[in-house]
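The values are calculated or read from the model by the stated rules, or taken from the named source; none is laboratory data. These numbers were taken from a predicted model, which means no experiment stands behind them. FYI the Cβ positions are ideal-geometry reconstructions off the backbone, even for glycines, and counts take in every protein chain you see. Each accessible area value is taken on the protein alone, full model and side chains, heavy atoms only, with ligands, DNA and RNA left out. Shrake-Rupley method; radii C 1.70, N 1.55, O 1.52, S 1.80 Å.
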Amino acid sequence: MAKATHSGAALADGLVLDIHDLSIQFGGLKAVEALSFHVKEQEIFGLIGPNGAGKTTAFNCITQFYHPDRGQVVFRARDGRVLDLVGLPVHDIIRLGLVRTFQNVEVIKELTLIDNVLIGAHTDFKATILEQALRLPRARREEREMRAKAVRALEFMGIAHLKDAPAGGQPYGVLKKVEMARTLMAQPKLIILDEPAAGLNDSETAELAETIRRMRDEYRCTILLVEHDMRLVMNICDRICAISFGQFLACGTPGEIQGNKLVQEAYLGEEEPE
Ligand SMILES: Nc1ncnc2c1ncn2[C@@H]1O[C@H](COP(=O)(O)OP(=O)(O)OP(=O)(O)O)[C@@H](O)[C@H]1O
Ligand SMILES: [Mg+2]
């Protein structure tokens, strides 16, 4: 049953995200065109498609890094509110419980791993800048709590022993874990992962699959991921949406997507789904 809200957006029970008619052009290029799909609460949902299909662009339109030309992105926030995200500032999106990692890992090399994770918590600090600058009690207490939370996030990712090491010089697999730990700081409701397995070897990818499942189960959140590693996608996703040239091809279970003719054709000449 649909539930109306103050913003006028509605979302069927059991859904966390409903994308409708999402469209964006760059010059004449329709990077995402009339894309619609929905994601259920606590599922692991995959968005797949050949290189340049518009997957990252779709993520950027959902998280408001890009403002779509058209369409709605209806989201059930961590406080239960249902609202259309289109036009909201990025920091509001994070506060609502929608967090992401980037296709190109984004860490600050000069900072330690724990400080990189703490960046994910800055929207949750209640102390004012002045209280923080003067290191007043509330600011000190908050900082202690946030550090403890960051250590837990690093422990969850299995890299707490590296917390005080600078990010610069760490292997790529570690930096990806730092980015994922950062998403756990924001009381995530929906975590968007853009190619989490890129650059990882087989055993790291197998570990990642387990980590993604644990994130979903222990943090009780939903995972939306883009991934080219078809074995990973087919292994961990409850449902998958396939797109090509910015357009919807099919949505279904891994088995349905593997057997879909349109999807198979889109991948011809590329890597084929196994
Ligand atoms: N900021 C931008 N300005 C102009 N064109 C862009 C921009 N971002 C993406 N594009 C174009 O939009 C199309 C979709 O790109 P996008 O990065 O979303 O694809 P993708 O599915 O994520 O590909 P990949 O699998 O290679 O990461 C491509 O043709 C790309 O060149
Ligand atoms: Mg991409």
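With a Förster radius of 25 Å applied to the beta-carbon distance between ALA12 and LEU262, the computed FRET efficiency rounds to 0.45. For LEU11, the residues whose modelled amide H falls within less than 5 Å of its own, excluding neighbours fewer than 5 places apart on the same chain, are LYS3. Accessible surface area normalised per residue over the chain is 46 Å², counting heavy atoms of protein chains with a 1.4 Å rolling probe. Mean residue ellipticity, 222 nm, helices only, the chain: the sum of -39500 (n - 2.57) across DSSP H runs of n ≥ 4, divided by residue count and rounded to 500, is -10000 deg cm²/dmol. Past the 29 Å Cα-Cα mark, which pairs from LYS176/LYS261; LYS189/LYS261; LYS55/LYS261; LYS109/LYS149? Result: LYS176/LYS261; LYS189/LYS261 exceed 29 Å.
The phi torsions of segment 190-199, fed into the Karplus equation with coefficients 6.51, -1.76 and 1.60 and a -60° offset, translate into couplings of 9, 10, 9, 10, 9, 6, x, 8, 4, x Hz, rounded to whole numbers, with Gly and Pro shown as x. Projecting the Cα positions of MET234, PHE102, ILE159 onto the charge dipole of the chain (unit charges on Cβ atoms of Lys, Arg, Asp and Glu, taken about the Cα centre) puts ILE159 furthest along the positive direction. Rounded to the nearest Hz, the phi-derived 3J(HN,Hα) couplings of segment 106-114 under the Karplus curve 6.51 cos²θ - 1.76 cosθ + 1.60 (θ = phi - 60°) are 10, 10, 9, 4, 6, 8, 6, 4, 5, where x marks glycine and proline. Computed from the C-beta positions of ARG214 and LEU136, the FRET efficiency with R₀ = 45 Å rounds to 0.75. Taken about its Cα centre, the chain carries a charge dipole of about 1220 debye when Lys and Arg each add +1 at the Cβ and Asp and Glu each add -1 at the Cβ. For the chain, the fraction of 1.4 Å probe accessible surface lying on carbon and sulfur atoms is 53 percent.
Checking Cβ-Cβ separations below 4.7 Å across the chain identifies CYS61, CYS221, CYS237 as cysteines lacking any candidate disulfide partner. The amide H of ALA250, built 1.01 Å from its N in the peptide plane, has ALA242 as neighbours under 5 Å, considering only residues 5 or more places off or on other chains.
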